[in-house]
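Following: one structure in structure tokens, then a few remarks.
Every number in this text was worked out from the coordinates using simple rules, so none of it is lab data. As the structure is a computational prediction, the values presented were derived from the model and not from experiment. Glycine also receives a Cβ, built like all others from the backbone with ideal geometry; neighbour counts cover every protein chain displayed.
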There are 2 protein chains.
Amino acid sequence: MQRMNTKDKILQASLELFNTEGEQDVTSVDIANVLGMSPGNLYYHFKGKDPIIHQLFIDFEEEFKMVLQAPIEKPLELSDNWVYFYILFEEVADFRFFYRNLQALIERYGDLEQRFRRLVNLKIKTMASIIFDLGEQGFIQISKSEAEQMAERFALQLTYWPTYHSLMAPTMPLPVSIHHGVFSLVSQLTPYVREGGAEYLELITQFRDKMLQAVKRK
Amino acid sequence: MQRMNTKDKILQASLELFNTEGEQDVTSVDIANVLGMSPGNLYYHFKGKDPIIHQLFIDFEEEFKMVLQAPIEKPLELSDNWVYFYILFEEVADFRFFYRNLQALIERYGDLEQRFRRLVNLKIKTMASIIFDLGEQGFIQISKSEAEQMAERFALQLTYWPTYHSLMAPTMPLPVSIHHGVFSLVSQLTPYVREGGAEYLELITQFRDKMLQAVKRK
């Protein structure tokens, strides 16, 4: 069994605190307290909250890039789209403190703005790739211009859906909210489905409802 | 000629400062300075920044509600949709400091969260009404479920497009960015247009390009 080193423990505890309490309300002393560590010991590893946030972003960026790269390198199976979008939303949710105060945080930490923009551009590229593949597989038929618009729209929704949903339905459990988000994305394919858009819509609606029941039973 | 009273002058100067400098970097002393007013005089009208922000929201809410109510009460002419969406984006842009740090601000000011949620719900209702009317006018044909999804998506885009666009293209002039936002909305109607979706897409693309040229010439 692999043991976590102190740096990783600090990062994990910080991420949990930021996500649950909100980044602005958490001090480095709070983080040390949760870990039963002296503030001095924490300071030895990270010189305050800023480098912690920066390192969390670097780790998030690395993981998210890997996930986004996958469908660019190898087309998804048609049936894998739902779970793939679910994973993307989950990645965003794991890092939700950052998205919740996106503007404030990228203004505060110099290079993050550019890095975050690159990440959204990669999202657009990945979405374009998925939509293109759905066309290649003969599943949908869509004009180039509409596909481009859809790719950007998907990227925007992936970026803001979690914040939007926690504003609109603050008590909704995360998996429920994510399934609604995935449905919102995939239902946009309906009018472009080559054979039987109505059947496709019926199918994904049933699938969503089944997923919602499953996560609600838990 | 109507003269602005001191309260309104303070509100207008604050809004401009918040929008250009970012709300978190502006103090009530800065606001007084811009107006050539003593901090004591400003304090006589508003007890600090918080009641200013609160009043700005109330004013924004009133105006935005009025604009959103219009198409619910009386269907838009088909040709009025572009300009109507443009006006909505402009309303959001006028109040952009609020949208830029949405989460932080609604957390800070108790009742704003609920009021803002009601405003987004009104956006969804307005969008649903516009989409329904487009169906009634025989312009589009769309299933109920897709229309509902589209209405919510439009509301989400109206809420986050300006923040998204200033992240992705920070140097782009506002009117250019808004025309792209409107195009992003209206192009989603394409596959539902009853007669000639391709022609519709061609038409709105040309219209967007004409608009972009016009605002760039200015």
> What are the label-to-label distances in nm, one decimal and shortest first, from A:THR27 to the same spot in the other copies, with labels 7 Å along Cα to Cβ?
Replying inline: 2.1
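Pull out the extension gain between B:TYR84 and B:VAL34, defined as 0.36 nm times the separation in residues minus the alpha carbon to alpha carbon distance; nm, one decimal.
14.6 nm
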> Considering only the label points, 7 Å along Cα→Cβ from Cα, what distances in nm to one decimal separate A:LYS74 from the same position in each other copy, shortest first?
Replying inline: 6.0
> For the stretch B:133-213, which GluC sites (Glu not before Pro) are both in a DSSP coil and crowded by at most 10 other Cβ atoms within 10 Å?
Replying inline: B:GLU195
>> Could you work out the percent of alpha carbon pairs in the stretch B:1-47 separated by over 13 Å, rounded to a whole number?
In response: 53 percent
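Taking the Cα centre of the stretch B:58-217 as origin, sum charge times position over the Cβ atoms of Lys and Arg (+1) and Asp and Glu (-1), and report the length of that vector in debye to the nearest 20.
Approximately 400 debye in magnitude.
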> Which is farthest toward the positive dipole end of the stretch A:15-149 among A:GLN55, A:ALA93, A:GLN141, measuring Cα position about the Cα centre, with Cβ charges +1 (Lys, Arg) and -1 (Asp, Glu)?
Replying inline: A:GLN55
>> Could you check the spin-label model distance between B:VAL176 and B:LYS144? Points 7 Å from the Cα along Cα→Cβ, value in nm.
In response: 4.5 nm
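Averaged over peptide B:153-159, how many Cβ atoms belonging to another chain are found within 10 Å of each residue's Cβ?
4
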>> Quick check on the stretch B:132-172: what are the equivalent-ellipsoid semi-axes from the Cα gyration tensor, as sqrt(5λ), descending, whole Å?
In response: 29, 11, 7
>> Quick check for you: which residues of the stretch B:104-134 have the amide N under 20 Å from the point 7 Å beyond the Cα of B:HIS54 toward its beta carbon?
In response: B:104-119
>> Just to compare against my own numbers: the Cα pair-distance distribution for the stretch A:173-215, 10 Å bins, whole % per bin, please.
In response: 30, 50, 18, 2
> Can you give the extra length, in nm with one decimal, that the chain gains between B:ASN41 and B:ALA214 once fully stretched, where that is 0.36 nm per residue apart less the Cα-Cα distance?
Replying inline: 57.9 nm
> Based only on the alpha carbon positions, what is the Kirkwood hydrodynamic radius of the stretch A:46-166, in angstrom?
Replying inline: 15.4 Å
>> Ignoring solvent entirely, what values of log10 I(q)/I(0) come out of the Debye formula for the stretch A:126-218 at 0.20, 0.21, 0.24 Å⁻¹ when each Cα is a single scatterer?
In response: -1.03, -1.08, -1.21
> Roughly how crowded by other chains is peptide A:140-148, in terms of the mean Cβ count from those chains within 10 Å of each of its Cβ atoms?
Replying inline: 3
> Three principal axis extents, largest first, for the C-alpha atoms of chain A, in Å?
Replying inline: 64, 39, 38
> Among B:182-194, A:81-93, A:61-73, B:22-34, what's the highest-first ranking by average C-beta atoms within 10 angstrom per residue?
Replying inline: B:182-194, A:81-93, B:22-34, A:61-73
> Based on the alpha-carbon gyration tensor of the stretch A:35-114 and its eigenvalue square roots a ≥ b ≥ c, which shape applies: rounded if a/c is under 1.5, prolate if not and a/b is larger than b/c, or oblate?
Replying inline: prolate
>> Label position 7 Å from Cα toward Cβ: report the copy-to-copy distances for B:TYR44 in nm, one decimal, ordered from shortest.
In response: 5.9
> How well do other chains shield peptide A:103-111, expressed as the mean number of their Cβ atoms within 10 Å of each residue Cβ?
Replying inline: 3
> Which whole number of Å³ per residue matches the convex hull of the alpha-carbon atoms in the protein assembly as shown?
Replying inline: 184 Å³
> How large is the charge dipole for the protein assembly as shown, taken about the Cα centre, if only the Cβ atoms of Lys, Arg (+1) and Asp, Glu (-1) carry charge, to the nearest 20 debye?
Replying inline: 520 debye
> At A:TYR109 and A:THR27, where each label point lies 7 Å from the Cα along Cα→Cβ, what is the point-to-point distance in nanometres?
Replying inline: 2.1 nm
>> Tell me which of B:GLN188, B:MET172, B:PHE154 sits at the most positive position along the dipole axis of the stretch B:153-218, charges placed on C-beta atoms (Lys, Arg +1; Asp, Glu -1).
In response: B:MET172
>> Suppose each label sits 7 Å from its Cα in the direction of the beta carbon; what would the B:GLN12-B:LYS65 distance come out to in nanometres?
In response: 2.4 nm
> Okay, helix-only estimate at 222 nm for chain A: each DSSP H run of n ≥ 4 adds -39500 (n - 2.57), divide by all residues, round to 500 deg cm²/dmol; what do you get?
Replying inline: -25000 deg cm²/dmol
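Please tell me the relative contact order of chain B in percent, rounded to the nearest whole number, where contacts are Cα pairs under 8 Å and at least six residues apart.
18 percent
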> Expressed as a whole number of Å, what is the distance separating the alpha-carbon centroids of the stretch A:152-218 and the stretch B:69-131?
Replying inline: 22 Å
